[in-house]
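First up is the structure itself, then whatever we jot down about it.
Each reported figure results from applying straightforward, stated rules to the coordinates on display, with no laboratory input. Model, not experiment: these values are computed from the prediction. Glycine also receives a Cβ, built like all others from the backbone with ideal geometry; neighbour counts cover every protein chain displayed.
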Amino acid sequence: MRLEYFQMIDRVLAVGPESLTAEATVPERSPVFEGHFPGHPLVPGVLLVETMAQASGYLLLARCNFDRMPFLAGVREAKLRSFVGPGTVLTVEASLVHDGSGYAVTAGRISAGGKRICDAELTLRTLPFPAPELEAAMRAQAERIGLTGAA
Amino acid sequence: MASAFDRIADIIAETSDVPRDKITPDSHVIEDLGIDSLDFLDIVFAIDKAFGIKVPVEAWTQEVNAGDAPAEQYFVMKNLAARIEELVAAKAAGG
């Protein structure tokens with residue numbers, strides 16, 4: 001994870017038509033921890049939600065073969081169950097709940113060592129890529145994290 | 001079973017903060033009920049689930065924006081209910 005660059009997913013472990021599993025390792029050091037919190041570093045809950053959203057986004061990108069860009073539009077029933085500190089290896093899962101017209105709903109979940117960390121239901125709008133640079137960047141990032149068939 | 005209009009009106013009342021008794025067959029979802037695009041997304045999700053269909057809201061929006069259809073055709077409650085009934089019938093017919 002590169003928290004300050006919002007690069008939350010390190011590696012895709014598995015992807016199928018309706019689910020994706022990825023790994024994300026919390027860095028030992030990050031400017032984020034300087035404020036959250038001094039002397040007691042914790043990954044902010046909003047960044048855990050972002051991590052679930054990114055896993056969901058990669059799932060949707062794989063499903064549409066990078067034809068459209070997913071944007072987070074809604075978060076329901078988010079539960080942040082455990083603190084996450086530096087060095088923690090997270091397993092991030094996203095599964096498709098519903099594929100609608102111009103949007104999708106996913107279930108996101110993060111665990112560490114078999115322990116539930118957080119979960120939420122996420123709504124993402126899917127829109128045509130607004131800029132070719134974004135599409136190229138998403139394809140490159142997806143290839144870097146091993147999203148099969150992304151290149 | 002409740003009519004498509006009643007089911008959709010119930011969904012809107014449950015999903016947004018619009019009182020159920022304010023929703024009439026002639027209500028325009030956006031102009032009269034004040035539903036914004038994000039609330040409408042939640043409503044469409046609930047309709048998709050309740051009726052087992054995929055409301056083609058993107059195609060509808062494109063038609064309206066292109067001037068190929070009046071907004072009322074899709075976004076006035078009685079017409080929206082009629083469109084949903086058509087989609088349900090098409091699905092039942094294997095369309």
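If I build a Gaussian network model for chain A, linking alpha-carbon pairs within less than 10 angstrom, which residue out of A:GLY108, A:GLY39, A:GLY85 has the largest mean-square fluctuation? Of the options given, A:GLY39 has the highest mean-square fluctuation. Here the relative contact order of chain A, from alpha carbon pairs under 8 Å that lie six or more residues apart, stands at 26 percent.
Normalising by residue count, the protein assembly as shown has a Cα convex hull of 160 Å³ per residue.
Pairs of alpha carbons in segment A:21-70 separated by more than 11 Å make up 72% of all such pairs. Legend: mean number of C-beta atoms from other chains within 10 angstrom of residue C-beta atoms, peptide B:58-68, equals 1.
Once C-alpha pairs closer than 8 Å and six or more residues apart are averaged by separation and normalised to the residue number of chain B, the relative contact order reads 33 percent.
Other protein chain C-beta atoms within 10 Å of residue C-beta, averaged over A:97-104: 6.
Look at the dipole of segment A:3-144 built from charges on Cβ: of A:PRO41, A:PRO132, A:SER30, the Cα furthest out on the positive end belongs to A:PRO41. When each of A:CYS64, A:CYS118 is scored by the number of other beta-carbon atoms lying within 10 Å, the sequence from fewest to most is A:CYS64, A:CYS118. For segment A:136-142, backbone phi angles converted through the Karplus equation (6.51, -1.76, 1.60; θ = phi - 60°) give residue-by-residue couplings of 4, 5, 5, 5, 5, 5, 5 Hz, Gly and Pro being listed as x. Each part reduced to its alpha carbon centroid, segment A:58-115 and segment B:40-95 end up 27 Å apart. In segment B:4-92, inverting the average of 1/r over every pair of distinct C-alpha atoms gives 13.0 Å as the Kirkwood radius.
Computed from backbone phi, the HN-Hα couplings of segment A:100-117 come to x, 8, x, 7, 9, 10, 10, 10, x, 7, 10, 9, 9, x, x, 9, 5, 9 Hz, rounded to whole numbers (Karplus: 6.51 cos²θ - 1.76 cosθ + 1.60, θ = phi - 60°; Gly and Pro given as x).
Converting phi to 3J(HN,Hα) with the Karplus coefficients 6.51, -1.76 and 1.60 and the offset θ = phi - 60°, segment A:80-85 yields 9, 8, 9, 5, 10, x Hz in sequence order, with x at every glycine or proline. Note on segment A:3-144: percent of Cα-Cα distances in each 5 Å bin, starting at 0 and stopping at the bin with the largest distance, equals 2, 10, 21, 22, 20, 14, 8, 3, 0, 0. Taken over the protein assembly as shown, lysine pairs spaced eight or more positions apart, or on distinct chains, with alpha carbons under 28 Å apart number 10.
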